[in-house]
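Notes follow once the structure below has been shown.
Values in this text are rule-based calculations from the coordinates and carry no lab data. All values derive from a computational prediction rather than experimental measurement. All Cβ positions, even for glycine, are placed from backbone atoms using ideal geometry, and neighbour counts span all protein chains on display.
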Amino acid sequence: MFPQFEEGDFAEDVLEPNADGNWVYETTKANVPEGQSIHYWVYVQHEDRPYYATNLKELIRKNPVTTTTTTTTQKPKAVTKTPKEGKTNGKSTSTTTTTTTTTLPPCEPTVTTVNGGRSTCAGKLIFEDTFQSLDLTRWQREVRIPLDTESAEFVSYQATPDNSYVAGGHLFIVPTLLNLDPDFSDERIRTGELILAGCVSPTNNENECRRKAALATILPPVVSAKLNTKGTFRFQYGRVEIRAKLPKGDWIFPQILLQPAENYYGYADLASGMLLVAHILSNEELVTGDGVRIDGHRLRGGPILTNRAKLRMASLRANVLEEHFSDGFHVYGLVWKPDSIALTVDGFQYATIRGKFKDYGTSNNLTQANLWNEANVMSPFDREFYISLGVGVGGVTDFPDGSRTGSLKQPKPWNNTSPKAEYNFYQSRNVWYRTWTEPELKVDYVRVYAL
């Protein structure tokens with residue numbers, strides 16, 4: 001008897017039924033003496049759903065009985081083999097059924113859809129990566145300079161292997177200083193030009209692909225990475241689990257999020273929404289001007305409905321720990337249903353948001369709320385989204401003006417509305433860069449399940 005799912009002495013892929021509509025495999029190569037048994041297994045794939053019948057056996061005996069062996073691609077509850085006529089060494093033989101009944105797991109319907117509306121089975125694992133290697137057939141490295149349509153973080157996202165790689169079964173996304181590149185001195189950051197080969201701008205904006213430094217406009221002082229599944233995996237409704245160790249260092253933030261696959265409701269001002277699975281401001285100590293603690297001890301997640309600084313984070317929910325979230329691995333979860341979004345960390349559900357985003361948008365005078373589907377309480381989160389993983393630094397929305405960092409409560413070195421924001425951030429690098437003791441996002445696995 002061979003191990004389960006290993007090919008035996010005879011194997012064949014049956015790709016279409018015969019003229020009678022039966023799925024049949026026949027061979028004349030077998031030489032099985034009378035009294036011996038044939039062990040076999042059957043695998044059927046129907047609409048991307050696997051069905052197995054294993055540990056099957058038939059005994060070879062005399063006195064043939066003519067029957068037909070068939071396999072169906074309809075979802076079976078059991079598999080039974082019937083006798084089949086054959087000849088061995090000139091003797092008439094027959095096979096008598098030894099029946100093994102295999103109950104196959106039912107495929108219950110689900111509201112979850114995958115890759116353009118394809119159906120799947122309830123509870124099914126529809127995406128998984130444990131990062132034994134960096135599979136670039138599943139993940140796309142973004143190459144661009146983010147503009148103020150997002151957070152305008154002070155980075156360029158590049159495909160360099162120093163900024164995103166796999167080691168020891170983990171995905172690493174690491175921000176580095178541009179001036180550590182021998183081709184980019186401090187002088188060139190202030191006066192040179194950055195042209196990103198292979199750049200793809202979501203809005204076909206050339207400014208996301210090249211920048212010329214002049215006066216207060218400098219080249220993005222940090223190089224980072226952002227990976228997504230936009231071209232390979234997207235889904236609507238499901239349960240996301242991501243085990244990760246978040247970065248630590250001043251003015252850094254992880255990007256573990258879901259983004260709209262088509263920007264159905266528009267791109268400007270995040271009109272099609274964004275879902276944060278996990279977000280922290282990675283400073284060891286950070287307080288607002290009012291003294292509220294907002295550093296890496298405070299986990300946030302949930303929907304983002306606008307890029308306006310005062311409202312961007314208003315719809316998020318938070319969970320606070322005594323320890324910094326970068327001190328170890330945690331499992332961050334988001335359960336996206338047709339009427340709600342739930343947020344979890346290490347299995348603990350810390351928030352539930354009950355939809356009605358159109359009402360929220362209207363009450364806060366968001367223009368895009370006029371586009372959201374009035375008949376669906378989850379709009380704009382009623383379309384397919386894809387996974388994004390990255391590390392951002394600085395920017396003009398995530399870190400509030402007036403915030404202070406560290407035990408000395410040093411002020412944030414830039415103002416979000418200043419045209420010199422990126423320049424002032426770069427000028428203070430000797431202060432913040434020394435806090436980058438663990439600036440990398442480290443991801444153990446990503447899993448998505450159908451509801």
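Of LYS226/LYS420; LYS212/LYS248; LYS226/LYS310; LYS248/LYS409; LYS226/LYS409, which pairs sit farther than 27 Å apart, going by alpha carbon to alpha carbon? Where the Cα-Cα span goes over 27 Å, the pairs concerned are LYS212/LYS248; LYS226/LYS409. In this calculation the C-beta distance from THR367 to LEU451 is compared with R0 = 41 Å, giving a FRET efficiency of 0.80.
Once you list every other residue whose beta carbon is under 14 Å from the beta carbon of ARG234, what net charge do they have if Lys and Arg are +1 and Asp and Glu are -1?
Numbers: positive: ARG118, ARG138, LYS230, ARG383; negative: GLU262, ASP382, GLU384.
Once positives and negatives cancel, what remains is +1.
Length gained on full extension, SER428 to SER185: 85.8 nm, using 0.36 nm per residue less the C-alpha separation.
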